[in-house]
Amino acid sequence: MGYFVGLPLGGAAEKDCQVRFGKNMTFQVETRAPHLPAEWALQSGIQLTWPHAGTDWTYMLDEVQECFVAIAHEIAARETLLIVTPEPDEVKKQILGRVNMENVRFLKCETNDTWARDHGAITLLDADGVSLLDFKFNGWGLKFASDKDNLITRRAVESEVMKGKYVNRLGFVLEGGSIESDGMGTLLTTSECLLSPNRNGQMNRVEIEEYLRSVFHLQRVLWLDHGYLAGDDTLARFCPADTIAYVQCKDADDEHYEELHRMEEQLKTFRTLKGEPYRLLALPMADKIEEEGERLPATYANFLILNDAVLYPTYRQPENDARAGEVLREAFPGYEIIGIDCRALIKQHGSLHCVTMQYPVGVLK
């Protein structure tokens, strides 16, 4: 059910809103003017871009595919799952009998890698429907090839796997994993990602912020100037009810302690549009995981929000894994909280959120 109310936005004319009560009873407000929805907005489904022998996963393909099957199982049990792969028949063999095939859709497409969060479409919603914004993905600042991944969104729209207005934004480099929206006009991002000279080096901070505000119809951008995790930048996430879940490091001897402490202090200075402090929920710092002397980016902030569940990465650390689940239950009351072993994913410097992209209602069939 829904109720329509007026919402004053920063002194501008009032804009209609819809208040929805889903089956998890989460209170959701969605502006009907063009807006970038929060990740907990009602979804039509999730995209996974499947690992294959032509990706960097080739040396551990069986291990990572098992992780993807576990993720696919939980998603398809609840909503539509779009699998992008050059080998749909091979993937069908892997998931048959283990995943609800009625909810699975395939897009046959060549891919460089598997990071759907960063090469997937970013969706804008308004009263007229959805717009699928296709930004340029340049392999995290020209570190890896991304030519095939940059074609996925256009092909998904052309094949009608995705519904919506295709919007070419390939002149601007933007990874979906570098931004967080509260659905009400505030964007959270990091200086480390968006100000990298290998992304949009021709633009300064003011110009980039003006661009984001214009494209996403934002009221403001909150910049995180601190925070560091070897190999990953997923450190702070918007949650419902003016909440931010973030990674907290308590070990002063940890290489991440100083930067994460500074990030925590900066988060305390942030205010909502009402001028109130955010409710901050601290996720535990995972114990050090190394491979061949390299520290891997195990972060519990790399969780995925579904319509009625939150999938979060676990790292075979019972105490930390359990504590992270408790924090997420506090952040998402009424949601089912499900842990998935993601030790395989961090070997390529990502985790559960990084390999997925959610699409709001109206995008996936």
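General observations
- Max mean-square fluctuation residue, GNM over the chain, Cα-Cα springs under 10 Å, options Ser214, Ser351, Ser178: Ser214
- Counted over the range 135-274 with a bin width of 5 Å, the fraction of Cα pairs per bin, in whole percents, is 2, 8, 17, 19, 18, 17, 11, 5, 2, 1, 0.
- Shape of the range 326-365, Cα gyration tensor, a/c cut at 1.5: oblate
- Note that the range 276-320, at 10 °C in a medium of 1.306 mPa s, gets a Stokes-Einstein diffusion coefficient of 125 µm²/s from its Kirkwood radius over C-alpha pairs.
- Using 0.36 nm per residue and subtracting the Cα-Cα separation, the extra length available between Lys268 and Glu210 on full extension is 18.4 nm.
- Only Cα sites of the range 35-185 enter the Debye sum here, all with the same form factor; the resulting log10 I(q)/I(0) across q = 0.10 1/Å is -0.35, listed in q order.
- Separation in nanometres of the label points that stand 7 Å from Cα toward Cβ, at His73 and Asp253: 3.8 nm
- Distances between every pair of Cα atoms in the range 269-352, grouped in 5 Å steps from 0 to the bin holding the largest one, split as 3, 14, 23, 20, 16, 12, 7, 4, 1, 0 percent.
- Nearest-0.05 FRET efficiency for Glu319 and Phe172, computed from C-beta distance (R0 41 Å): 0.45
- Compared with the direct C-alpha span, the chain from Asp126 to Met101 gains 5.9 nm at full extension, assuming 0.36 nm per residue.
- For the chain, the mean residue ellipticity at 222 nm estimated from helices alone is -6500 deg cm²/dmol, where every DSSP H run of n ≥ 4 contributes -39500 (n - 2.57) and the total is divided by all residues, rounded to the nearest 500.
- Global geometry of the range 59-125, whether rounded, prolate or oblate, following the gyration tensor of its Cα atoms and the 1.5 cut on a/c: oblate
- Pairs of Lys residues in the range 237-365 that lie 8 or more places apart, or on two chains, and have C-alpha atoms under 30 angstrom apart add up to 5.
- Tensor-based shape of the range 200-294 (alpha-carbon gyration tensor, a/c under 1.5 rounded, otherwise prolate or oblate): oblate
- When the chain is reduced to its Cα atoms, the Kirkwood hydrodynamic radius in Å: 20.8 Å
- Evaluating kT/(6 pi eta Rh) at 37 °C and 0.692 mPa s, with the Kirkwood radius of the range 217-365 over Cα pairs in the Stokes-Einstein relation, gives 203 µm² s⁻¹.
Values quoted throughout were computed directly from the atomic coordinates according to the rules given, and no laboratory measurement underlies them. It should be emphasised that the depicted structure is a prediction, and the values quoted were computed from it without experimental measurement. Ideal geometry is used to build each Cβ from the backbone, glycine not excepted, and the neighbour counts take in all protein chains shown.
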